[in-house]
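This report refers to the structure that appears directly beneath it.
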Amino acid sequence: MYRDQDIECISRERLQELQLKQLKKTVKGASKAPFYRALGLKDFTISDLSDIRKLPFTTKDDLRSAYPYGMICTSLDKVVRLHSSSGTTGTPTVVFHSMKDIENWTELVARCLFMAGLRKHDVFQNMIGYGLFTGGLGLHYGAERIGCLTIPTGPGNTKRQLKFMKDFGTSAIHVIPSYALHLSDEIEAMGIDPKKEFPALKYAFLGAEPHTEATRKKVEEFFGIDAFNSYGLSEMNGPGVAFECPEKHGQHIWEDAYLVEIINPDTLEGVAPGEKGELVITTLQREAMPIIRYRTKDLTSVIEGPCACGRTHSRITRITGRSDDMLILKGVNIFPMQIEAVLIGIAGVGRNYQITLESKGHNDHMIVRAEIDSNLSIHDFKTLDSLKKRITRELRDEILITPDVILCEPGGIPVAQGKAVRVIDNRTL
Ligand code: ADP
Ligand code: ZN
């Protein structure tokens with residue numbers, strides 16, 4: 001039932017001792033990184049876990065400002081891997097790992113998968129992106145560590161996914177929730193009974209984007225399987241940060257590797273136990289690139305009291321939103337500013353723009369409305385058509401998603417009274 005009972009069911013007292021020891025080590029290590037050295041991190045003394053509150057926060061912007069190598073605290077000889085979260089231009093955020101970091105990450109993911117029920121006889125089909133994204137390689141290593149036959153299909157190519165699932169008797173899939181629903185639609189349209197077609201299938205791991213309990217139920221009922229919520233972010237390795245146990249009541253966040261705080265994003269003070277706020281995490285095991293008090297911007301709360309599964313690590317509730325304006329479409333993170341930057345750079349585009357998000361079937365869809373410059377005529381169809389094509393192409397290159405672009409006449413987009421409403425989210429979660 002447990003992969004490592006000693007650590008998964010460790011007493012809270014012992015856990016805190018371990019955390020304190022690791023926190024001291026982390027702060028000492030991190031203070032050697034140019035970014036934290038400049039902040040004077042070495043002058044902070046940690047004698048108690050509550051001393052964490054004296055330390056500075058780290059944000060995504062900080063990671064960008066430290067690009068490329070400013071967050072590394074070991075010699076480059078020790079670094080073996082780089083990952084990066086979405087965003088193709090501008091300065092990406094990059095995360096570095098030593099061999100030991102990869103090893104620890106692999107163990108954390110293996111712990112999650114084992115907790116959900118995965119064993120070495122399982123056949124695991126990984127439908128999440130490989131490459132700079134962390135979802136693919138992260139779960140890949142974890143499943144191999146358990147000893148599963150691991151199939152790195154990556155996302156897309158639904159026909160081949162289904163063929164492999166059937167031919168190889170896939171028993172577990174890792175998938176973005178919206179893609180899981182899309183898969184169900186395709187299967188239904190083919191007139192296939194999923195329970196007969198894929199009798200070996202037992203588990204789905206749903207990760208990388210927010211989803212509801214209703215989505216989980218849909219996936220579970222359609223395939224006749226158990227689905228588990230998997231939470232992670234590349235700054236904290238990627239997947240393997242928090243994962244549901246078979247109780248499916250909150251996700252255990254592994255506190256031997258992550259020191260958890262929930263803060264009020266406005267006051268930056270800790271919230272009362274059980275209250276909702278922004279998740280802030282300090283790495284406790286990372287060697288090449290430790291991160292202190294990382295503001296995830298994800299909103300959640302800690303579920304109080306012990307879990308019936310016996311594990312003592314805290315549980316967090318489903319992420320209910322973000323404290324910044326980041327959008328997640330098809331598992332890809334997008335900031336409205338990225339869209340603005342593209343539009344501003346194109347001659348012929350006017351001042352105002354608006355982004356609308358819709359659900360098209362189970363897929364997210366983006367519509368970008370942009371005003372044209374007052375020098376252009378709304379009757380010059382040829383120019384407008386090539387402008388529209390250029391905007392579409394440049395946006396796709398930037399955000400990796402192809403939006404529908406609609407050009408409007410100058411003043412055609414209503415101007416808000418107060419803060420501009422740039423994003424209208426009509427998606428049904
Ligand atoms: P990933 O490859 O997991 O998407 P990123 O670093 O690109 O990693 O994005 C991380 C963000 O994705 C998180 O901060 C969170 O907003 C969102 N996310 C990841 N997993 C989940 C989940 N299970 N539920 C809700 N949001 C999630
Ligand atoms: Zn549990």
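The values are calculated or read from the model by the stated rules, or taken from the named source; none is laboratory data. Note that the coordinates shown come from a computational prediction; the quantities given were computed from them, not determined experimentally. Positions of Cβ are backbone-derived with ideal geometry, glycine not excepted, and every protein chain shown enters the neighbour counts. Calculation scope for accessible area: heavy atoms of the full protein, side chains included, ligands and nucleic acids excluded. Shrake-Rupley method; radii C 1.70, N 1.55, O 1.52, S 1.80 Å.
Distances longer than 19 Å among the Cα atoms of region 316-376: what percent of all pairs is that? Each step should come with its number before you reach the end.
Numbers: 806 of 1830 pairs.
Cα-Cα pairs in region 316-376 separated by more than 19 Å: 44 percent.
Once phi is turned into ³J(HN,Hα) by the Karplus curve 6.51 cos²θ - 1.76 cosθ + 1.60 with θ = phi - 60°, what whole-Hz value does each residue of region 195-209 show in order, with x for glycine and proline?
With coefficients 6.51, -1.76 and 1.60, one gets 5, 7, 6, 10, x, 7, 5, 10, 9, 10, 9, 9, x, 6, 8 Hz.
Taking H as built 1.01 Å from N, whose amide H comes closer than 5 Å to the amide H of T58, not counting residues under 5 places away?
Long-range HN contacts for T58: Y294, R295.
Give, in nm to one decimal, the length gained when the segment between E197 and F168 is fully stretched (0.36 nm per residue of separation minus the Cα-Cα distance). Please report the intermediate quantities before stating the final value.
Working: separation 29, 0.36 × 29 = 10.44 nm, distance 1.17 nm.
Roughly 9.3 nm would be gained on extension.
Could you tell me the center-to-center distance, by alpha carbons, between region 208-248 and region 355-429 in angstrom?
The two parts, judged by their Cα centres, are 32 Å apart.
Where the only charges are on Cβ atoms (+1 Lys, Arg; -1 Asp, Glu), what is the dipole of the chain about its Cα centre, to the nearest 20 debye? Show your work: numbers first, answer last.
Working: 54 positive and 55 negative charges, 144 e Å.
Rounded to the nearest 20 debye, it is 700 debye.
Modelling each spin label as a point 7 Å along the Cα-to-Cβ direction, I'd like the T212/M337 distance in nm, to one decimal.
3.1 nm
Contour minus end-to-end for L268 and N426, with contour as 0.36 nm per residue of separation and end-to-end as the Cα-Cα distance? Show your work: numbers first, answer last.
Working: separation 158, 0.36 × 158 = 56.88 nm, distance 3.00 nm.
That works out to 53.9 nm of additional length.
Could you work out the relative contact order of the chain, using alpha carbon pairs under 8 angstrom and six or more residues apart, expressed as a whole percent? Could you put the intermediate results ahead of the total?
Working: 844 pairs, mean separation 62.1, N = 429.
Relative contact order here is 14 percent.
Which distance in nm do the two modelled labels at I401 and M326 give, with both placed 7 Å along the Cα-to-Cβ direction?
It works out to 1.4 nm between the two label points.
Using modelled amide H (1.01 Å from N, peptide plane; none on Pro or chain starts), what sits under 5 Å from the amide H of G232, excluding residues fewer than 5 places away?
Amide H neighbours of G232, under 5 Å, 5+ apart: A208.
Go ahead and set up a Gaussian network model of the chain, Cα springs under 10 Å, then flag whichever of A143, A189, A33 fluctuates most.
Ranking A143, A189, A33 by mean-square fluctuation puts A189 first.
Which chymotrypsin sites (Phe, Trp or Tyr not before Pro) in region 116-174 sit in a loop by DSSP (not H, G, I, E or B) and have at most 14 other Cβ atoms within 10 Å of their own Cβ?
Working: sites: F124, Y130, F133, Y141, F164, F168; in loops: Y130, F133, F168.
Sites meeting the loop and neighbour criteria: F168.
Under a 1.4 Å probe, what is the accessible area of the chain per residue, stated in Å²? Write down the numbers at each step before the final one.
On the way: 19380 Å² over 429 residues.
Value for the chain: 45 Å² per residue.
How much solvent-accessible surface does L284 expose, in Å² to the nearest 10, with a 1.4 Å probe and all protein chains in place?
0 Å²
Which residue, V349, V415, V332, has the most motion in a Gaussian network model of the chain that connects Cα atoms within less than 10 Å?
V415
Keeping the other protein chains in place, figure out the carbon and sulfur percent of the accessible area of the chain, with a 1.4 Å probe.
Working: 10200 of 19380 Å².
Carbon-and-sulfur percentage of accessible area, whole number: 53.
Of the listed pairs K60/K388; K159/K196; K60/K248; K28/K297; K42/K276; K120/K159, which have alpha-carbon separations greater than 21 Å here?
Numbers: K60/K388 32 Å; K159/K196 17 Å; K60/K248 30 Å; K28/K297 26 Å; K42/K276 32 Å; K120/K159 26 Å.
In this structure, K60/K388; K60/K248; K28/K297; K42/K276; K120/K159 lie more than 21 Å apart at Cα.
Between L82 and D48, 0.36 nm times their residue separation minus their Cα-Cα distance comes to what?
9.0 nm
Put a dot 7 Å past each Cα toward the Cβ at E188 and L384; how far apart are the dots in nm?
Between L384 and E188, the label points sit 3.8 nm apart.
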